[in-house]
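Remarks on the structure that follows.
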Amino acid sequence: MLVVLGGGIGGLSAAHYLVKRNNANSKILLVEATSYLGGWIKTIVNEDKGVIFETGPRTIRPAGHQGANTLLLIEELNLADKVKPISRSHPAAKNRFIYTNKKLHPLPSSLGSMFFAQPPFEKPLIMSIFKDLSTPMKKIQDESLYSFVERRLGRDIADYAISPMVCGICAGDAKEISVRFLMSSLFDAEQKHGSIIRGLLRNMFDSSSNPKIEGILSERAKKEKWSVWTMEGGLQTLPDKLSSKLADDGVDISLNEKCTSLKFVDGGVQCRIGSKDVHAKHVVSSIAANGLAKIIGDNFLSQELSEIECVTVGVVNLAFNGDLLKENGFGFLVPPFEGLPLLGIIFDSCCTQQSGKTVLTVMMGGRWFDKYFGKNPTKENLLDTAITQVKNILHINEQPILSNCAILENCIPQYVIGHHERVNRIQSYISDKKLPLSLVGSSYNGVGLNDVILSSRTAVDKIIL
């Protein structure tokens, strides 16, 4: 038997790839501790009001090896006709804002804007290139994303571009997050060639790349210049289709069952699932690393996995009658030094049609959740805070006609300094000991949906079935 732990997008996609590879016809069991499949992806549809809320991810990027792989999965699930692309010319793709100094500032989005100082940046962005070329290399194994960008490109970029971007991507603090989280290639460019620019120029002539993933949707995305895409009816369409296909393919899906113990034994893994002992030939774990640490019967792995911590995010969806936004765009992010409980606000009704409503998603807390909301916050408190922030920043004084509040506990792993080396130690240990365990999901090699799905495919491809 093959066991998959976790019914989020990582576990569902891992089970899908196992079905494709399962030449030995081994039984596949997917175990989910809750009653819901899809993890942090959840769509709430109000048909009466014509409103769609997303409490988790809402759009996916098509670019790169990871993006092409996800689009190929969409084709395999016969969901191509459900894809709703947003082109690079769309306001949601071109217009992104930073809220600082009590104002919304558009981020530079054209080549020409690099040559002029545009608030909140004090200098033209072109100056960061000259700074990089004149800054000596610092030989180092790892450092914070903030430190790397401040050192090579300037404090302006670190404060007003990188810090809020990290808030939006992983709800974390750029002064703690490893440079390898978002800028591994730029960091390597400096370490190998002395500067980011020199490294990028040399890499332009490097023919090595990931194996090309061919797909109709991927080619269409390039031709039509997609920025991001979502799905008709909301992103939950993807995990819903995956789970129904897995059931049709004979995968045994066990809901409301928790794995409480994993012990490596001769010939596989002894799993305690609910009140039963299950012997697995191989286990694919997509649950959070610190959750796996509590059940795995190996002291080294338990200690290393427990060091990968997660943060909690409060998500409040709001819908208002009419078009109330003065600016069209994807939304805005907030630098941590502003001292607000807010990470950012997404303008959902700009990205997708919402029946003449203004629909917003307010993201709060993250690395600073306890600071602003305490250990036991109420949803009413988060809702009131969200409405207040919308009123103060976007000047929307109306009361919402619909709202939803979700507290996503420990939802996003934090890739702090040393994370890359820790994951290498974990994977090397598993490989050296020949343990029948594969690790997928957002705790290891990327927190985005594309990263998680590709990690599942890559891990399954390495399993000896």
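Sequence-ordered 3J(HN,Hα) estimates for the range 60-68 from the Karplus curve with 6.51, -1.76 and 1.60 and θ = phi - 60° stand at 9, 7, x, 6, x, 4, 5, x, 5 Hz, glycine and proline given as x. Take the Kirkwood radius over Cα pairs of the range 1-122, plug it into Stokes-Einstein at 10 °C and 1.306 mPa s, and you get 85 µm²/s for translational diffusion. What the phi angles of the range 336-342 give under the Karplus curve with 6.51, -1.76 and 1.60, with θ = phi - 60°, is a coupling list of x, 5, 6, x, 9, x, 8 Hz, glycine and proline written as x. Under a no-solvent Debye model with one identical scatterer per Cα of the range 344-420, what's log10 I(q)/I(0) at q = 0.16, 0.24 Å⁻¹? Here the Debye-derived log intensity ratios amount to -0.71, -1.24.
Accessible area of ASP48 (1.4 Å probe, protein heavy atoms only, ligands and nucleic acids ignored): about 150 Å².
Rolling a 1.4 angstrom probe over the range 82-238 with all protein chains present gives an accessible area of which 56% lies on carbon and sulfur atoms. Residues in the range 328-465 average 44 Å² of solvent-accessible surface per residue, probe 1.4 Å, ligands and nucleic acids excluded.
Over the chain, the fraction of Cα-Cα pairs per 10 Å bin, rounded to whole percents and listed from the shortest bin up, is 4, 19, 29, 28, 16, 4, 0.
Checked against a 26 Å cut-off, the cross-linked pairs LYS123/LYS222; LYS103/LYS371; LYS192/LYS222 give Cα-Cα distances beyond that limit for LYS123/LYS222; LYS192/LYS222. For the range 316-405, the set of GluC sites (Glu not before Pro) satisfying both a DSSP loop assignment and a count of at most 14 other C-beta atoms within 10 Å is given as GLU327, GLU398. Grouping the Cα pair distances of the range 124-206 into 5 Å bins from zero gives a pair-distance distribution of 3, 16, 26, 25, 19, 9, 2, 0 percent in increasing distance order.
Annotation: amide H-H contacts under 5 Å for VAL228 (H modelled 1.01 Å from N, sequence separation of 5 or more, or interchain): ILE86. Sorted on the mean count of surrounding Cβ atoms within 10 Å across their residues, most packed first, peptides 240-246, 314-320, 50-56 read 314-320, 50-56, 240-246.
Near LYS258, the amide H atoms lying under 5 Å from its own belong to GLY274; only residues 5 or more places off or on other chains count, and H is placed 1.01 Å from N. The phi torsions of the range 263-278, fed into the Karplus equation with coefficients 6.51, -1.76 and 1.60 and a -60° offset, translate into couplings of 10, 7, 10, 4, x, x, 9, 8, 10, 9, 10, x, 9, 10, 9, 10 Hz, rounded to whole numbers, with Gly and Pro shown as x. Taking all protein chains as shown and a probe of 1.4 angstrom, HIS16 keeps an accessible surface of around 10 Å². Of the peptides 174-181, 61-68, the ranking by mean beta-carbon count within 10 Å, highest at the top, reads 174-181, 61-68.
Of the chymotrypsin sites (Phe, Trp or Tyr not before Pro) found in the range 87-124, those that fall in a DSSP loop while having at most 12 other beta-carbon atoms within 10 Å are PHE116.
If the chain linking SER87 and ARG21 were pulled fully straight, counting 0.36 nm for each residue of separation and taking away their Cα-Cα distance, it would gain 20.3 nm.
The values are calculated or read from the model by the stated rules, or taken from the named source; none is laboratory data. This is a predicted model, so every value here is computed, not measured. Every residue, glycine as well, gets a Cβ built from its backbone with ideal geometry; the counts of neighbours run over all protein chains shown. Keep in mind that these areas ignore ligands, DNA and RNA; they rest on the heavy atoms of the full protein, side chains included. Shrake-Rupley method; radii C 1.70, N 1.55, O 1.52, S 1.80 Å.
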